Amino acid sequence: METVVNSQPPFKLSLRLRAAGVLLIVGLAIEILSFFWIHPLAFMGFLVIGCAFLGLGIVLFLWTLVSIAKSGPSA
């Protein structure tokens with residue numbers, strides 16, 4: 001009897017990882033753009049908006065890994 005391994009990740013996992021990646025890219029883009037803006041509010045945009053997107057992306061990524069690990073491998 002052969003065991004068939006599904007090479008495609010579950011759909012929910014794929015969507016969560018994609019959302020985490022988008023949040024990280026948006027956060028990095030905001031932080032990069034804030035370097036070109038010479039204004040005191042640029043630092044606030046970097047700190048508040050950019051870091052918030054990065055933090056959400058990291059938390060979503062880690063939460064996805066933990067929740068998939070808790071549910072165990074699907075048969």
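Every number in this text was worked out from the coordinates using simple rules, so none of it is lab data. Everything numeric here is computed off the predicted structure, so don't read it as measured data.
Assorted remarks:
- Averaging 1/r across all pairs of distinct Cα atoms in segment 26-70 and inverting the result yields a Kirkwood radius of 11.3 Å.
- Rounded to whole numbers, the Karplus 3J(HN,Hα) couplings from phi for segment 47-52 are 6, 7, 7, x, 5, 5 Hz, using 6.51 cos²θ - 1.76 cosθ + 1.60 with θ = phi - 60°, and x at Gly and Pro.
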